[in-house]
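All of the numbers you see were taken from the coordinates with simple rules; none came from a lab. Predicted model only: the values in this text are computed from it and were never measured. Methodologically, a virtual Cβ is constructed for each residue, glycine included, from the backbone with ideal geometry; neighbour enumeration extends over all protein chains shown.
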Amino acid sequence: MNEEKRTVRLPHNVTMNDRRNLSLTGVEEVIGCDEQLLTVKTSLGELSVGGNGLHIGNFNRSSGELKVDGVIRDIVYADAEPEKQGLFKRLFK
């Protein structure tokens with residue numbers, strides 16, 4: 001029998017406490033990490049976390065859970081969807 005590979009998308013959540021502790025779910029891979037930048041692949045796209053003294057506390061690849069400590073400065077999705085334009089904006093370009 002021909003078995004198809006099924007991709008199970010992990011639910012993705014971001015929880016931050018006092019800009020010092022970050023919990024992520026839906027993390028598929030840690031792409032890179034240093035004290036100022038953490039880049040991960042999530043079930044909803046690539047996510048970058050900028051800050052100071054960033055440190056991975058725990059990463060469970062099978063559950064997709066990642067804990068980060070440090071001073072969180074920014075959280076950015078690399079493939080963010082462009083803004084949807086209203087009707088008037090499209091008409092009067």
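Modelled label-to-label distance, Arg9 and Val30, 7 Å Cα→beta-carbon offset: nm?
Reported label-point gap for Arg9 and Val30 is 2.6 nm.
Along Cα→Cβ, 7 Å out, is where each label goes; now give me the distance between the ones at Val71 and Leu37 in nm to one decimal.
Between Val71 and Leu37, the label points sit 1.9 nm apart.
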